[in-house]
Amino acid sequence: MIRDPLKFSDAMLLIPPQLVECLACFDGEQTSLDLRSNLVRITGEIQIGELEKHLFDTLSQAGFLEDEAFEVQRLARVNEFIAAPKREAAHAGSAYPDDAAEARKSISEFMQGALPGGPEDSLIGIAAPHVSPFGGWESYRDAYSALLPAHQDRTFVVLGTSHYGEPDRFGLTRKPFVTPFGEAVTDTRLVDELAKDAPDSVRMEDYCHAIEHSIEFQVLFLQYLYGTNIRILPILCGSFLRSIYQGGKPEGNQHVERFFDRLGNISAREGSKLFWVLGVDMAHMGRRYGDKMIARAEQGEMTAVAERDKLRIERVTQSDTDGFWELVRENQDDLKWCGSAPIYTFLKAVPQARGTLRRYQQWNIDDQSVVSFAALAFRG
C-alpha cells in the first residue's frame, strides 16, 4: 500500500506483490528500459507495453511520481494551507475523538490518578509525548498534571518535532489552532518577531503545520485544562541532521544559531509570561524503523535502550546541553530520537531550566516496533 503522509495526495494505491520490486525503478536514475526489463523478467511476457504504461500512469495520476502532476498537487495543497484562516484539526477522528464531549471524556479518563503538581512558583515548562494519546496516556497525564491554574494566562511556547520539515529550519504559522474543544489563539506578536529577526531561519506558514501532530496533541491537552482560548506560540523544529551526521553543534549552522539567539531573547524578556511545552518522543526501535531487531517494550534489547534513554534524559534535566548532544550524536543517533531538536532548542533558549523525570515509558506501536517517551517537569 502506498500513501502520502504529507497529504499532497489523498490517494492510496495497492500494488500487486509481484510488481512491488518494480517501484525501485522509479528512482530518478533508472530508465524505462530498466522498468521494461524487470517487467519482462517478472511476468515472463515480452509484450508488456500496456502494463508498463498502466503502472506509470497510475503512479503519476495518484501523485506518487516527482513529475508535473505531483507539482500541481503539491502547490495546490501548500497554497490552500497558506490561504486558510485557521489551522484545522488534522488528527481529530483518528488519533482522538472529533466530538468535544467524547474527547473530554477520553482525556478525563487518561488524567485519572495524576501525580501531585509540586511548587507552583518555579515551574516553567514540561515535556510530554507526541505519540497517540491512547498509547502514551500515562506520560501525558504525568506531564500535564504538573500544571496549575496559575499558568492559564501564560503564552504556551509549544516546541514540536517537525517530522517532515526542512532540516535546520523552524516552521511558524500565524494561524489559530482548532481542535474539537474550539479555537486556540496564536500569539502573532511573537511569531512576527521571530519571522522578522530571523527570516532565513524560519519557514512562515510552513505547510508541515497542516499535517503535524506533535503540536496538535499538546494544544488538545492544554485546552482540556484551561479552556478554548489558550494563547500559544507554535514552533516546529526541523531535525539537526547535519550536526548528527557531519559533526559539530547544531548552532554551527548560522540559521540555527540566529533562531536560538532570537528565541533566547524572547525567553529572557518575557520571563514568567511564557510557559514551555515540548511535544517530543524519544527512541524509535524495531522493524518499523529499519532495524533488524524485533522490539518488545521493556524486554531484551529494549532494556539497554532504556538505560541509554535515561542517560540522555539525565543530561536534559541537568541542562547539560553539550553532554546531551554528544549522546545524541553517538553512533549517528542510532536510537532515532525524533524529539532531539525541540529538546535542544529549549535547552539553548532557557539555559536556566532544571528538570525532573516524572515518568519514562516504552510502548509497542506495533508488534515489532517500540517508541519511548517521558514526562518531564522543568523549573527555573
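So which of His130, His213 ends up being in a loop (DSSP other than H, G, I, E, B), touching a Phe, Trp or Tyr at 6+ places or on another chain (Cβ under 6 Å) and not basic (Lys, Arg)?
Numbers: His213 fails: touching a Phe, Trp or Tyr at 6+ places or on another chain (Cβ under 6 Å).
When all the criteria are applied, what remains is His130.
Quickly run through the stretch 288-307 and pick out the residues that are charged (D, E, K, R), assigned to a helix (DSSP H, G or I) and more than 21 Å from the chain's Cα centre (by Cα). Before the answer, list the steps.
Here is the first cut: in the stretch 288-307, the residues charged (D, E, K, R) are 288, 291-292, 296, 298, 301, 307.
If we keep only those that are assigned to a helix (DSSP H, G or I) as well, we get 288, 301, 307.
Answer for the stretch 288-307, where residues must be charged (D, E, K, R), assigned to a helix (DSSP H, G or I) and more than 21 Å from the chain's Cα centre (by Cα): Glu301, Glu307.
For the stretch 109-127, how many residues are on the phi < 0 side of the Ramachandran plot and either open to solvent by 40 Å² or more (accessible area, probe 1.4 Å) or in a helix (DSSP H, G or I) (or both)?
Number of matching residues: 9.
When the residues of the stretch 83-95 are filtered to those that are of a type in the set (A, V, I, L, M, F, W, C) and surrounded by 12 or more Cβ atoms within 10 Å (Cβ to Cβ), which remaining residue is nearest to Cys208 (Cα to Cα)? Step through it out loud before you land on a result.
To start, the set of residues in the stretch 83-95 that are of a type in the set (A, V, I, L, M, F, W, C) comprises 83-84, 89-90, 92, 95.
Add one more test, that the residue is surrounded by 12 or more Cβ atoms within 10 Å (Cβ to Cβ), and what stays is 84, 89-90, 92, 95.
Values: Ala84: 14, Ala89: 13, Ala90: 11, Ala92: 17, Ala95: 18 Å.
Step by step, filter the stretch 83-95, then rank; the result is Ala90.
On the given criteria, is Ser106 surrounded by fewer than 20 Cβ atoms within 10 Å (Cβ to Cβ), over 21 Å from Gly339 (Cβ atoms) and in contact (Cβ under 8 Å) with a residue 40 or more places away in the chain? Spell out the reasoning first.
Numbers: surrounded by fewer than 20 Cβ atoms within 10 Å (Cβ to Cβ): yes; over 21 Å from Gly339 (Cβ atoms): yes; in contact (Cβ under 8 Å) with a residue 40 or more places away in the chain: no.
It is false that Ser106 is surrounded by fewer than 20 Cβ atoms within 10 Å (Cβ to Cβ), over 21 Å from Gly339 (Cβ atoms) and in contact (Cβ under 8 Å) with a residue 40 or more places away in the chain.
Out of curiosity, is Glu330 without any contact (Cβ under 8 Å) to a residue 12 or more places away in the chain, within 30 Å of Ser122 (Cβ to Cβ), part of a helix (DSSP H, G or I) and open to solvent by 10 Å² or more (accessible area, probe 1.4 Å)?
Values: without any contact (Cβ under 8 Å) to a residue 12 or more places away in the chain: yes; within 30 Å of Ser122 (Cβ to Cβ): no; part of a helix (DSSP H, G or I): yes; open to solvent by 10 Å² or more (accessible area, probe 1.4 Å): yes.
Criteria not met by Glu330.
Could you tell me which of the residues Leu13, Leu51 is closer than 23 Å to Ile211 by Cβ and either of a type in the set (S, T, N, Q) or touching a helix residue (DSSP H, G or I) at 6+ places or on another chain (Cβ under 9 Å) (or both)? Walk me through how you get there before you give the answer.
On the way: Leu51 fails: closer than 23 Å to Ile211 by Cβ.
Result: Leu13 is the single residue among Leu13, Leu51 that is closer than 23 Å to Ile211 by Cβ and either of a type in the set (S, T, N, Q) or touching a helix residue (DSSP H, G or I) at 6+ places or on another chain (Cβ under 9 Å) (or both).
From the list Glu71, Glu80, Glu29, which residue is surrounded by fewer than 14 Cβ atoms within 10 Å (Cβ to Cβ) and in a loop (DSSP other than H, G, I, E, B)? Before you say what the answer is, go through the steps one by one.
Working: Glu71 fails: in a loop (DSSP other than H, G, I, E, B); Glu80 fails: in a loop (DSSP other than H, G, I, E, B).
Every option except Glu29 fails the conditions.
Given (1) out of contact with any strand residue (DSSP E or B) (no Cβ under 6 Å at 6 or more places or on another chain); (2) surrounded by fewer than 19 Cβ atoms within 10 Å (Cβ to Cβ); (3) touching a residue at least 60 places away in the same chain (Cβ under 8 Å); (4) not acidic (Asp, Glu), identify the lone condition not met by Ala198.
Only one criterion is unmet by Ala198, namely (2).
Regarding the stretch 336-346, can at least one residue be identified that is open to solvent by less than 20 Å² (accessible area, probe 1.4 Å), in contact with a Pro (Cβ under 8 Å, 6 or more places away or on another chain) and part of a helix (DSSP H, G or I)? Let's see the steps before the verdict.
Start the filter on the stretch 336-346 by keeping residues that are open to solvent by less than 20 Å² (accessible area, probe 1.4 Å), which leaves 337, 339-346.
Add one more test, that the residue is in contact with a Pro (Cβ under 8 Å, 6 or more places away or on another chain), and what stays is 341, 344.
From what's left, part of a helix (DSSP H, G or I): 341, 344.
Checking the stretch 336-346: at least one residue is open to solvent by less than 20 Å² (accessible area, probe 1.4 Å), in contact with a Pro (Cβ under 8 Å, 6 or more places away or on another chain) and part of a helix (DSSP H, G or I).
The values are calculated or read from the model by the stated rules, or taken from the named source; none is laboratory data. All values reported here derive from a predicted model rather than from experimental measurement. We place every Cβ from the backbone using ideal geometry, glycine too, and count neighbours over all the protein chains shown. Just so you know, the surface numbers come from the protein's heavy atoms only, side chains and all, with ligands and any DNA or RNA stripped out. Shrake-Rupley method; radii C 1.70, N 1.55, O 1.52, S 1.80 Å.
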